[in-house]
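Written below as structure tokens is the structure these notes are about.
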Amino acid sequence: MTETRDESQQGGDLNARNRRILELAALEASGETGYQNLTTEAIVTRAGLDSQAFHRHFATPSACYASAYAATVDELVVDLVGSARRPESWVDGMRAALGSIGRFLEAEPLLARGILLEVYAAGGAAVVKRDEVFERLSRAIDSARRETEPRHSPPPIAATLILSMIEAAASKWLRDDESAPFTEAIPHLLYLAVAFYFGREEAERLAG
């Protein structure tokens, strides 16, 4: 009986591993050739699996992308929020989170393109998930209000604007395939984020 349970566990682990391989392949394939060109063949070829393995987990490429998007952005949010919470101040937390974003973009550009540039082409559940994540990260950014003085308190939309600015910068970097590392943009992005909540003088001092 123990041997049967072990075999069942091994089979379950293999299925979970193959599912994740397929999900990441879907995102990377989307990042390379665009969501509109995403096919089962493209996914399984990149994953090194076969169509039977694919259909064991997903009915369509779009279902695979949606599952991949949700799982991957959840992992990224955990990483970003964790990075931001460890430092003692909001500014240091924002700097750490931007650093995490930069490392991800530079290490996994195809994956990042599949997530950031192709989500609207995918639509449906992926866009719903994107909006949910955007709201969660906006709330995390807006925690700066606990540290700022009332005279610098920005309107409620500030966090959304900051996050949109970061998203736009990352998307532009991915589209343009710039030779300069994205991490070079971090001081500028941090300055703008700090200026929103703490004023320009503090931005000059804290974001430098």
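The values are calculated or read from the model by the stated rules, or taken from the named source; none is laboratory data. In this text, all values refer to a predicted model and were calculated from it rather than measured experimentally. We place every Cβ from the backbone using ideal geometry, glycine too, and count neighbours over all the protein chains shown.
For the stretch 16-70, the candidate set comprises residues that are among the hydrophobic types (A, V, I, L, M, F, W, C), in contact with a helix residue (DSSP H, G or I) (Cβ under 8 Å, 6 or more places away or on another chain) and outside any helix (DSSP H, G or I); within that set, the residue that is nearest to L110 (Cα to Cα) is L38.
Checked against the criterion of being part of a helix (DSSP H, G or I), among the aromatic types (F, W, Y) and under 30 Å from A71 (Cβ atoms), the stretch 128-147 has at least one qualifying residue.
Taken together, A25, A42, A16 contain a single residue that is of a type in the set (A, V, I, L, M), at pLDDT 95 or above and under 16 Å from T72 (Cα atoms), which is A25.
Determine if the stretch 164-173 includes at least one residue that is over 20 Å from L27 (Cβ atoms), modelled with pLDDT of 95 or more, more than 14 Å from the chain's Cα centre (by Cα) and not hydroxyl-bearing (S, T, Y). The answer is yes; a qualifying residue exists. Only one of the numbered conditions (1) over 12 Å from the mean Cα position of the chain (by Cα); (2) of a type outside the set (A, V, I, L, M); (3) buried (at least 17 other Cβ atoms within 10 Å of the Cβ) is not met by E147, and that is (3). Each residue in the stretch 174-208 was checked for being hydrophobic (A, V, I, L, M, F, W, C) and touching a Pro at 6+ places or on another chain (Cβ under 9 Å), and 3 pass. Selection over the stretch 106-120 of residues that are surrounded by 14 or more Cβ atoms within 10 Å (Cβ to Cβ) and within 26 Å of A158 (Cα to Cα) gives a count of 7. For the stretch 38-90, the set of residues classified as among the acidic types (D, E) and farther than 27 Å from I166 by Cα consists of E41, D50, listed by residue number. Restricting G93, G48, G123, G31 to those that are modelled with pLDDT of 95 or more and crowded, with 21+ Cβ neighbours inside 10 Å reduces the list to G31. Being under 14 Å from V73 (Cα atoms) and not in a helix (DSSP H, G or I) is the filter here; which residues of the stretch 87-111 pass it? If the condition is that a residue be under 14 Å from V73 (Cα atoms) and not in a helix (DSSP H, G or I), then E108 is the only one that fits.
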